[in-house]
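The values are calculated or read from the model by the stated rules, or taken from the named source; none is laboratory data. Note that the structure is predicted; figures quoted are calculated from it, not measured. Because the Cβ atoms are built from the backbone with ideal geometry, glycine has one as well, and the counts that use them run over all protein chains shown.
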Amino acid sequence: MNDEDGQYFYHPLENIEDVEIFYEAVERQHLTKSISRERPYTYWTIELYDQKNGIRGGGGLGVLAADTRRVAEDTGVPFALITPFYPSETHQKMKDGRVIDEHRPVHYQDFGFKLIDKVNVKCCDDLCQLEVVEKQFKNTRIIAITEPNFGELYSGMSGSDHRLYQEVALGFGGYAALKLLGLKPAIMQLNEVATFFAALARLDELARNGMDFYEAVVYTRKHTLYTNHTLVQAAEADFNYEQFERFVFPNLKSLAVKKWLKDKFVDGHIKLSSVTIEIAELRSGVSKLHARVANYRDIAGNKVKFKAVTNGIDMRTWVLPQVVDFYEESGILDMYLSPTENYKDKLDVITADKIREFKHLGRQELNKVLKTRPDHHGNILSFSDDDFIFDFKRRFVDYKRPELPFEDVERLRNILERRNAHYILAGRVHSGDEVMSGKLRKLLKTVEKDDYLREHVHYIPDYDEELAYGLSCGSNVAINVPIVGLEACGTSWMKDVANLNLLISTHDGGVADGSINSYLNVSGTDESEELDMLYQRMEEAIAAYDNDFDLEFLLKRQLETFLPVISGTRMLQDYLDYLFPS
Ligand SMILES: *Cc1c(COP(=O)(O)O)cnc(C)c1O
């Protein structure tokens, strides 16, 4: 083969039977050897949550992308993350009891990105010029695609022209950017289907450079991993043929690829998940439970299997530095922040005194964060070591049930009042989500009517990484109560467990990787049973902080079960093992 990417090919495929022979040939290769600086692990994501580098995301998908790159950096894996740089970002603040959006411009130059060059994508009979900007780290880099009118993350409806434009720009523009930088992807990990066009760009390149079309498909499939975060395919917005005529087909040079893609339309519509499944032979879900229950079918109607690779977090980003150092010095985590072989025995060093010492430090961090983050009344909060704090911090979406603990206001007040405890809520309402902004307003009204709750329940607007960090290390108990079956993984709770907070949770997402006895579980046959159990768990959590033995026992038990789950290093290792089996 003459193509640079075709180094694994030695005979062109004449017919479909040859595909098997070809597969075997590819399987015999040690792909691991081909990861290098010039041939990095490439990670494609429409959302990155990395404010330090100027890119603000919307939630867990973006946090995961940022953490994956950081873990790759810490473990020396050559890694390129390709994402848009959105020239504007949304913030939220409270006005007259309502959450309102505010838009702020962002400049990549302010965050250490350098302009490399421009690339073009075709859209609507025009050439769109995209800037390729790059920021290099030791062994990783962020390659971003941008232009002044790129718009904001998730602006417009899913399925809209603008979303399609953004996705096409990332895929085709990002692939051209790799070429520009002299990089060839060892693997393409697609963080959800919005990045499908990157794999399509690769297929097109291989096919138009003379590779037999079937070879090109097989090659692309072998080297593409589709990571799914969603449970139901039916919920996905689709695009129509006419949109593809304007934004996608003009960017394809291979007639065979164009034909292949055109054949994938059903009644003039296409779901990106169905074509992503076609183009990616490797597929993963983000927790054990999610990989099992995600309900996806390929075009032939067969159920799609997902390999479970549970999300992890970058410990250095999310855990109080003193706690990370303590884990390392005590032999609980190794130098790569992965649990050691005998970490379970080592957990014995965690005493109630140690926990109080870390809570004290964590509380100072939280107070520091809160200094610039007034609550919904406009008050600046500050907490002493003796204050007891429950928190609920996550996007305000229906299935996460932020309002659940407020269903029985009397009982909530009684629980909080006995310990003079506070309840902090933080989470963004998705722009335009009238249902959830209504629920938030109602919740705050309920709180307003009660003399005790008014002083002890606080909503902090504009939830972001900083708040997530402050609350993870500074509160006492985290509440996570998604409707069972709807959370793909969730990573907020991981930040809590690692920072020695008690976790009250339903058995869902990544939490269900552990046993039901490893944290303060909430379950029941209906919502009122769940609610009752939630209140019981809140009482238990308060009691545990007054009993050294219980506190040590519960926190150690959480770590025993979940340290391997939440380790980002474990996650990256799982991906590498899946992608490059030895
Ligand atoms: C950790 C984090 C998330 C992840 O939220 P989950 O609901 O647990 O998936 C979302 N947003 C921010 C700002 C975070 O820091």
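At a glance:
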quantity	calculated
Flag if residue 504 is buried (at least 24 other Cβ atoms within 10 Å of the Cβ) and either aliphatic (A, V, I, L, M) or at pLDDT below 95 (or both)	yes
Matching entry among 327, 343 (being touching a strand residue (DSSP E or B) at 6+ places or on another chain (Cβ under 6 Å) and under 16 Å from residue 568 (Cβ atoms))	327
Of residues in segment 374-400 being over 14 Å from residue 470 (Cα atoms) and within 12 Å of the ligand (Cβ to nearest atom), the one surrounded by the most Cβ atoms within 10 Å (Cβ to Cβ)	396
Some residue of segment 352-368 being closer than 21 Å to residue 94 by Cα, buried (at least 19 other Cβ atoms within 10 Å of the Cβ), within 16 Å of the ligand (Cβ to nearest atom) and assigned by TED's automatic domain parsing to the domain that holds residue 490	yes
Residue ID - surrounded by the most Cβ atoms within 10 Å (Cβ to Cβ), chosen from residues in segment 412-466 that are in contact with a Pro (Cβ under 7 Å, 6 or more places away or on another chain) and under 24 Å from residue 89 (Cβ atoms)	425
Residue 500 vs. criteria within 15 Å of the ligand (Cβ to nearest atom), among the aliphatic types (A, V, I, L, M) and not in a strand (DSSP E or B)	no
Qualifying residue in segment 484-494 (condition: closer than 20 Å to residue 94 by Cα, under 23 Å from the mean Cα position of the chain (by Cα) and within 15 Å of the ligand (Cβ to nearest atom))	no
Those residues of segment 459-483 which are among the aromatic types (Phe, Trp, Tyr) and within 11 Å of the ligand (Cβ to nearest atom), in sequence order	463, 469
Residue among 212, 238 that is over 22 Å from residue 43 (Cα atoms), under 27 Å from the mean Cα position of the chain (by Cα) and of a type in the set (Asp, Glu)	238
Contacts under 9 angstrom Cβ, first residue in segment 231-253 being under 11 Å from residue 122 (Cα atoms), partner among the hydroxyl-bearing types (Ser, Thr, Tyr) and crowded, with 17+ Cβ neighbours inside 10 Å, 6 or more apart	247/165
Residue 542 being within 16 Å of the ligand (Cβ to nearest atom) and surrounded by 15 or more Cβ atoms within 10 Å (Cβ to Cβ)	no
